[in-house]
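The values are calculated or read from the model by the stated rules, or taken from the named source; none is laboratory data. Keep in mind that this is a model prediction, so the values were computed, not measured. With ideal geometry, Cβ positions are generated from the backbone for all residues, glycine too; neighbour counts draw on all protein chains shown. Remember, those area values only see protein heavy atoms, side chains included, never the ligands or the DNA or RNA. Shrake-Rupley method; radii C 1.70, N 1.55, O 1.52, S 1.80 Å.
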Amino acid sequence: MKTKALGGLLAVSLGGLLAACAPSGALGPNGVFVTQGTIDSSYDPADLGFAQSRGGVRLDIGGQPFPGDSTAFAEDVGALFESSHFGPPVDFVVAPPDDFRSAYRVVAVFDAPAATSAPQLCRSPNVPAVQADGADGLRVVAAYCVGTDRVTSATANVGPVTGTDDPRFVDTIQALGLALFPPASANDELRRSGDSRPGG
């Protein structure tokens, strides 16, 4: 499996989506830092169109950094992902119906332990149970999966956040969405370079 390090920040502005890359990550607006991204050679943002035809992308969340209903929190995260990705429009589904047929999934773990493995998030049927507190800042590990295979992954870090409407939280999730679903040119570069590195 060939992968390439995204190695950069993907930052979000109110006027649109701004992607910026640096060799080992970079600090962006509101202190958002996105690193450790990988892209499998099979990645194609156009696949989101097929995912939508099968019901969308299932969203599994581990950890809840704010008080309140966990389903409402996951839906807020899904709405932010829906507004910040390359490829066709797609729904991020928190509670899939019985006839949900899509094998496409995003797993995001808030305050993920240091040992959290993105490939393992895809292989495991269960999302890690963690305690998260936005007041202490957040480390979010996320993986985009097809079946049990990790396709892309990224880690986002940000300082203290107060809720899903906090601009720092919004920027974090939108930057993470861009890292998980970059433009097709990211994979074109992978094929040209032949780079590979172990999945992380």
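Each of the peptides 95-105, 135-145, 162-172 was scored by the mean count of other Cβ atoms within 10 Å over its residues; in descending order, highest first, they stand as 135-145, 162-172, 95-105. Inter-label distance, Asp136 to Ala115: 1.8 nm, where each label sits 7 Å from its Cα along the C-beta direction. Taking Lys and Arg as +1 and Asp and Glu as -1, the other residues whose beta-carbon sits under 9 Å from that of Val106 total +1. For the pair Arg101 and Asp44, label points projected 7 Å from Cα toward Cβ lie 1.9 nm apart.
Share of carbon and sulfur in the accessible area of region 57-200 stands at 49%, probe radius 1.4 Å. Put simply, the Cα atoms of region 53-200 extend 45, 36, 27 Å along their principal axes, the longest span coming first. In region 121-177, a dipole from Cβ-located charges (positive for Lys and Arg, negative for Asp and Glu) runs towards its positive end, and of Pro125, Ala175, Gly159 it is Pro125 whose Cα lies farthest in that direction. Near Pro65, once Lys and Arg are set to +1 and Asp and Glu to -1 for all other residues with Cβ below 10 Å from its Cβ, the sum equals -3.
Along region 92-104 the Karplus relation, 6.51 cos²θ - 1.76 cosθ + 1.60 evaluated at θ = phi - 60°, assigns HN-Hα couplings of 9, 9, 8, 10, x, x, 4, 8, 5, 10, 6, 8, 8 Hz to successive residues, with x for each Gly and Pro.
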